[in-house]
Amino acid sequence: MSGSEFCNYVRNLAIKSILYEVATTPKPGLVDRRDSGAHDDMDFFTFLNSASVLSSYFEDCAEVGMEFKGTDYENLLGDIRPIGIKAEEDMFRVTKGINTHKGIIFSQGIIAAAVGSLYRENSGKNQEIQSILKRVREMAKGITAELEEGHNKRVPTYGERLYIQHGIKGIRGEVESGFRTVLDYALPIFSELIRKDIYHINDILIQTLLHLMANTEDGNILGRHGIDTLHYSQDRAKKALQLGGYFTQEGRSFIEEMNSDFIEKNISPGGAADLLAVTLMLYMMENGDIL
């Protein structure tokens with residue numbers, strides 16, 4: 001596989017993971033094929049419009065990673081920042097100002113650049129998740145320190161406000177840790193269920209999402225509500241899993257109730273949804289496009 005073919009491959013896996021995430025149904029409080037969850041400004045097609053303009057972004061990030069020279073990978077993160085800014089502009093243009101994929105642009109863009117740099121080193125198509133996440137940590141070293149700057153600003157950014165108010169590092173902390181929540185909670189259950197080869201991918205993704213919801217410090221929920229609602233959401237997800245999740249009738253009924261409840265309370269676990277897409281992309285980078 002040539003370098004250009006590999007960048008195209010990375011692009012395809014990134015977009016596939018995004019599309020699989022939004023298509024997974026039902027997702028409590030989130031946009032899916034059935035409803036708009038706790039969002040009155042977007043729907044399933046808004047996400048499709050957004051995904052349709054992002055493919056070149058992930059390909060470009062992989063290419064920048066492939067062309068990167070040296071071993072100071074924090075500089076690689078700086079190299080892809082302008083590409084990410086352009087991707088956000090394209091997203092907002094087609095969604096008419098709605099934020100559908102800002103977190104994904106950040107997280108999966110870093111992954112794309114990481115695997116591009118690893119391809120240059122090992123010329124391999126499929127890459128081990130641990131190697132990818134090690135490179136992600138090298139790229140993202142120290143990025144949460146930037147959150148301290150919010151203390152000195154009259155108008156802190158969204159992420160800085162969460163850090164100031166709750167000490168939560170959000171997606172920056174997740175990336176800096178090498179997606180520790182994904183590695184500890186999502187990938188083990190996703191891999192186990194895929195190997196069994198008896199469940200539909202939609203059902204596997206719902207089950208994986210519940211594990212993420214139960215364990216993610218979801219910045220989207222914190223930003224809308226606060227720490228009490230985050231704990232409430234986590235407890236609901238844990239209860240769903242105790243009932244068997246989407247693999248039992250009782251669990252499915254509870255998940256449907258969760259969706260109605262989250263819509264009524266305006267709870268959207270968007271951070272967990274982004275990590276679900278990350279889970280998919282990492283799994284396919286290691287195992288190939290087998291889904």
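A short reminder: the numbers here are calculations on the coordinates, not readings from a lab. None of these values were measured; they are calculated from a predicted model. Here the Cβ positions follow ideal geometry from the backbone for every residue, glycine too, while neighbour counts run over all protein chains shown.
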Using only the Cα atoms of the stretch 194-254, build the gyration tensor, take square roots of its eigenvalues as a ≥ b ≥ c, and label the shape rounded, prolate or oblate: rounded if a/c is under 1.5, else prolate if a/b is larger than b/c, else oblate. prolate
Could you state the orientation-averaged shadow area of the convex hull built on the Cα atoms of the stretch 170-291, in nm² to one decimal? 7.3 nm²
So, in nm, how far is label residue 45 from label residue 231 when the simple model puts each one 7 Å beyond its Cα toward the Cβ? 4.2 nm
Using a Gaussian network for the chain with springs between C-alpha atoms less than 10 Å apart, which of these wobbles most: 27, 16, 196? 196
Using alpha-carbon positions, what is the distance between the centroids of the stretch 254-271 and the stretch 276-291, in Å? 26 Å
What is the gain in length, in nm to one decimal, between residue 242 and residue 126 on full extension, counting 0.36 nm per residue of separation less the C-alpha to C-alpha distance? 38.3 nm
Quick numbers on the chain, Rg and Dmax over C-alpha atoms in Å, give 18.2, 54
Return the Rg/Rh ratio of the stretch 1-147 with Cα-based radii and a Kirkwood Rh. 1.00
Phi-based couplings in Hz for the stretch 197-211 (Karplus 6.51, -1.76, 1.60; Gly and Pro marked x): 6, 10, 10, 5, 4, 4, 5, 4, 5, 4, 4, 5, 4, 4, 5
Burial ranking of peptide ranges 249-261, 173-185 (average Cβ count within 10 Å, highest at the top): 173-185, 249-261
Which of these, 82, 28, 269, has the largest mean-square fluctuation under a Gaussian network model of the chain (Cα springs below 10 Å)? 82
Can you flag which of 102/239; 196/239; 16/196; 86/265; 134/239 are past 28 Å Cα-Cα? 102/239; 86/265; 134/239
Quickly rank 282-289, 112-119 as a protection proxy: mean count of other C-beta atoms within 10 Å, highest first. 112-119, 282-289
Sorted by packing (mean other beta-carbon atoms within 10 Å per residue), highest first, where do 44-51, 101-108 land? 101-108, 44-51
Each label sits 7 Å from Cα toward the beta-carbon; between residue 183 and residue 25 the label points are separated, in nm, by 3.6 nm
Pairwise FRET efficiency - residue 72 versus residue 33, Cβ, R0 = 45 Å, nearest 0.05: 0.55
Residue with peak Gaussian network fluctuation, the chain [Cα springs, cutoff 10 Å], from 198, 227, 110: 198
Efficiency of FRET between residue 1 and residue 200 - r from beta-carbon atoms, R0 35 angstrom, step 0.05: 0.70
